[in-house]
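Let me begin by presenting the structure, written as structure tokens, before commenting on it.
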Amino acid sequence: MDRIKKEGEIRIPSGCAISGIFSKQGNRFSGQTAIDSIRVMHNRSNGLGGGFAGYGIYPEYKDYYAFHIFYMDSIAKKECMDFLEAHFDMINLSKIPTRKIPSITDEPMIWRYFLSPLPTKLAESQLEEDEYVARCTISVNSKIKGAFIVSSGKNMGVFKAQGYPEDVGDFYKLDEYRGYSWTAHGRYPTNTPGWWGGAHPFSLLNYSVVHNGEISSYDANRRYIEMFGYKCTLQTDTEVITYMIDFLNRKKKIDLKRVAHILAAPFWSTIDRMNDQQKQEYKYLRNNYESFLVTGPFSIIVSYENGLMALNDRLKLRSLVVGEKDDMVYMASEEEAIRVVAPKLDSIYFPKGGEPYIVELEKEV
Amino acid sequence: MIVNLIQSEYEVIRDQNRCINCKLCEQQCSNGVNYYDKKLKAMLSDESKCVNCHRCVAICPTNALKIVKSQHCFKTNSNWSHHDITNIFRQAQTGGVLLSSMGNPKEYPVYWDKILINASQVTNPSIDPLREPMETRTFLGKKKLDIEFDENNNIITKTKPQMELKIPIMFGGMSYGSISYNAHKSLACAAEKLGIFYNTGEGGLHEDFYVYSENTIVQVASGRFGVHPNYLKAGKAIEIKMGQGAKPGIGGHLPGRKITKEVSKTRMIPEGNAAISPAPHHDIYSIEDLRQLVYMLKETTNYEKPIIVKIAAVHNIGAIASGIARCGADIIAIDGFRGGTGAAPLRIRDNVGIPIELALASVDKRLREEGIRNEVSLVASGTIRSSADVIKALALGADAVYISTSALIALGCHLCRSCHLGKCNWGIATQIKSLSDRLDPKEGCENLVNLINAWKREIKEMMGGMGINSIEALKGNRLMLRGIGLSEKELEILGIQHAGE
């Protein structure tokens, strides 16, 4: 029998559940909350992918890039280690602790490194530090077969696997981590991804994205963003959306609200009714960043070091709801995923299609 | 003894029971095919003069006429076709270069017909254009990716010059001279009503049409006919015509008999003198020379107009386009080898150049590989026959398309490929007043508006089917296409997968 193609070799559409929990005061809470939230949306995933992103989880190493890496075999590990050693000072490295769960099998080697770019290499590259790290990440993911950098930001990390999300959370012992921001993802892919890389969240530097939907603009977005040094190795929507956000927000310094209005642009009929200044701005954004427009159904939660952003497609073809209680903000595909961890809310809100809901830290952590 | 070696390919069949001898067909045929025989008291036809343009058939009040392919034939031969043999007869008799018009009619692969479009099922919803917004507005011009803000954090919205289209379809360059005043007027009026653009071609801009300047692309070609500062300023964009898909590598020739008083005035050349466009621009012998012309035109027009460079699709098109993108052009128009013409040497039309589908795919890929796709917009032409072709062109990587043959067909053209004779019975490719009067510009405009609106509806339906509700998400979206019956190499060049993959 022919080998089933692994994700990255083919494009796999998925349905999904997403959830995000955030403390505006930067209070750190256990990953168990995120597990409890995503668990109630069990039926939105099919056991072929789940994952979490936690922010504020490595305060003792917060000045270093935390790399979570999957290795398929020891050859890939050696090649990747050589690459990392050539480009970074290795502050710490260890296996990521896991517990055995019957439903989680076929795990790769899962390693964690705390890294700092080699000053000489960095100077030689003439790049900003972030860009240097981003390029190293993309380079490993597109060139070293069998090695996959799951996350590469500071004081954050992504934990994902093939399985139901609540099992994945247990597997990674997320109850033992504490962060001020968590997102969770349960996946319903139509084909088997064949490996763990395709699970969500997808992450680059401090950005991570969880996504529910199947975007119809995928190849237009992919072919455009690949012009700027990104390589879409997984062929997933989340990957291309993450890269577009990284490009617009980090590289082009466009604030996230405007980024949201590029990805899920207002309709021309809306723009035509705006005042002159706004009309000019939106016309400018839609014209110059036309290939960043995302069409088709999606709901996403974008995490970054300072906050969370929830965003729906222009027509709101996927469910997404936001609740607030004191300094806590909850975002999820379904209200029950919020109520299960916060039964009494101060407010509940359904963002409109294309309307970003952004929350940020109110003090430094 | 007169020996006639060349017999007509077509026969005019007249149902004598229906014919009422009204002589309309005689009156309407500029080629003198139909005539009244007094002795026989009946209408007859001399089919040797027939170009098969259907004018007589269309106006016959009793439906008495039809044109059929003649059964007269040479001895069957798979190598030597009817055309091969008769063309040798023609050249042996005259010593001349064979001429023809309109696009390449030969049986080359039409890749549009080997590409299939996707639709949503289950995993994402299709969108109903009758219920939801379905956007087709498009901008052509350089895209600026670095953004600047003022002190109030407002975006500084100045951009390089842009063209705004309500739908990414424009009318391609056809000169006044090669086509009639009324044909030009129809195109200009339709472009204005549709919120798109028409293109003057290389014949200058008739003074009556300056009112349409918001929807006009003015062309600068190797003959520089009708080019003056006000002409350049009149257009919303300026197109430098380096080549044409129907006749790559050669110039043009508008015979003296088409240079009437009005055409002469518009072209700024003497009446009755043939207008020769040289093969190359005599000030462009290399890419750096093109850059000079691009910037000369920009200087002349205060950097307010996008500059389009139109080229014929030829073998090394990727590298050529990349060079053009780096020489200041805002838009590149690529014309494939099936594009039409008012006159071309037949051997060139039928054998030189490459299909637009392959050229477009190569150029789009090349510009992306070099990271400069945002520096230039791409317009594809030659040939776009339907809304489906438009969708396929956009998904392969075009920002918009030019249509010309389709537009002329909307005006009545029957593709008889005889434009070069100047006696177009439909009033399109002629300067004979009695013929061009047959084309009512008001009706012509209406037909063009209808055509584009019909395509727009179809495009919206297909976009909705794909789950795409704005045209920019279709551009370059090759995953929406699959090839059928194509080789691996063809798929590789088109950058698409095979159906079933």
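The values are calculated or read from the model by the stated rules, or taken from the named source; none is laboratory data. Computed from a prediction, not measured in an experiment: that's the story for all the values here. Heads up, the Cβs are rebuilt from the backbone with ideal geometry, glycines too, and the neighbour counts pull from every protein chain shown.
Values computed for the structure shown
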| item | result |
| --- | --- |
| Residue in segment B:126-142 that is closer than 22 Å to B:Gly483 by Cβ and touching a strand residue (DSSP E or B) at 6+ places or on another chain (Cβ under 8 Å) present | no |
| Residue that is farthest from the other protein chains (Cβ to nearest Cβ) [pool: residues in segment A:182-206 that are aromatic (Phe, Trp, Tyr) and out of contact with any Lys or Arg (no Cβ under 8 Å at 6 or more places or on another chain)] | A:Trp182 |
| Within segment B:187-211, tally of residues that are surrounded by fewer than 23 Cβ atoms within 10 Å (Cβ to Cβ) and assigned to a helix (DSSP H, G or I) | 8 |
| All positions within segment B:1-37 that are under 32 Å from the mean Cα position of the chain (by Cα), assigned to a loop (DSSP other than H, G, I, E, B) and over 15 Å from B:Ile59 (Cα atoms) | B:Ile6, B:Gln7, B:Ser8, B:Glu9, B:Asn31, B:Gly32 |
| Criterion (under 33 Å from the mean Cα position of the chain (by Cα), assigned to a strand (DSSP E or B) and crowded, with 18+ Cβ neighbours inside 10 Å) met by exactly one of B:Ile67, B:Ile127 | B:Ile67 |
| Of all residues making up segment B:241-255, the number that are more than 12 Å from B:Asn104 (Cα to Cα), among the aliphatic types (A, V, I, L, M) and at pLDDT 95 or above | 1 |
| Top-ranked residue in segment A:312-338 [being within 15 Å of A:Ile300 (Cα to Cα) and among the acidic types (Asp, Glu); ranked as farthest from the other protein chains (Cβ to nearest Cβ)] | A:Glu334 |
| Contacts under 8 angstrom Cβ, first residue in segment A:178-193 being more than 30 Å from A:Lys24 (Cβ to Cβ) and in a strand (DSSP E or B), partner modelled with pLDDT under 80 and aliphatic (A, V, I, L, M), 6 or more apart | A:Pro189/A:Ile12 |
| Check on B:Asp208, more than 28 Å from B:Asp335 (Cα to Cα), away from chain A (no Cβ under 14 Å) and without any contact (Cβ under 8 Å) to a residue 40 or more places away in the chain | yes |
| Any hit, segment B:105-120, residues being modelled with pLDDT of 95 or more, assigned to a strand (DSSP E or B) and not β-branched (Val, Ile, Thr) | yes |
| Positions within segment B:342-360 being surrounded by 24 or more Cβ atoms within 10 Å (Cβ to Cβ) and at pLDDT 95 or above, in sequence order | B:Arg349, B:Gly353, B:Ile356, B:Glu357, B:Ala359, B:Leu360 |
| Residues satisfying the stated conditions in segment B:419-454, i.e. surrounded by fewer than 22 Cβ atoms within 10 Å (Cβ to Cβ) and part of a loop (DSSP other than H, G, I, E, B) | B:Gly422, B:Ile432, B:Asp437, B:Arg438, B:Asp440 |
| Answer from B:Asn182, B:Asn124 - the residue that is in contact with a Gly (Cβ under 8 Å, 6 or more places away or on another chain), modelled with pLDDT of 95 or more, within 26 Å of B:Lys456 (Cα to Cα) and of a type outside the set (A, V, I, L, M, F, W, C) | B:Asn182 |
| Complete set of residues in segment B:370-417 that are of a type outside the set (A, V, I, L, M, F, W, C), in a loop (DSSP other than H, G, I, E, B) and out of contact with any Gly (no Cβ under 7 Å at 6 or more places or on another chain) | B:Glu370, B:Gly371, B:Arg385, B:Ser386, B:Asp399, B:Gly412, B:His414, B:Arg417 |
| In segment B:136-181, the residues that are farther than 23 Å from B:Ala325 by Cβ, away from every other protein chain (no Cβ under 11 Å) and either touching a residue at least 40 places away in the same chain (Cβ under 8 Å) or small (Gly, Ala, Ser) (or both) | B:Ile167, B:Phe171, B:Met174, B:Ser175, B:Tyr176, B:Gly177, B:Ser178, B:Ile179, B:Ser180, B:Tyr181 |
| Among the residues listed as B:Lys236, B:Lys261, the single one being within 17 Å of B:Val379 (Cα to Cα) and either of a type in the set (Lys, Arg) or at pLDDT 95 or above (or both) | B:Lys236 |
| Residues that are touching a residue at least 12 places away in the same chain (Cβ under 8 Å), part of a helix (DSSP H, G or I) and within 7 Å of another protein chain (Cβ to nearest Cβ), drawn from segment B:455-479 | B:Met466, B:Glu472, B:Arg478, B:Leu479 |
| Verdict on B:Leu448 being within 14 Å of chain A (Cβ to nearest Cβ) and not acidic (Asp, Glu) | no |
| Residues of segment B:297-321 classified as small (Gly, Ala, Ser) and surrounded by fewer than 20 Cβ atoms within 10 Å (Cβ to Cβ), total | 2 |
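Okay, residues lined up against (1) surrounded by 17 or more Cβ atoms within 10 Å (Cβ to Cβ); (2) under 16 Å from A:Gly186 (Cα atoms):
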residue: A:Gly307; (1), (2): yes, no
residue: A:Asp313; (1), (2): yes, no
residue: A:Leu317; (1), (2): yes, no
residue: A:Lys325; (1), (2): no, no
residue: A:Glu334; (1), (2): yes, yes
residue: A:Lys344; (1), (2): no, no
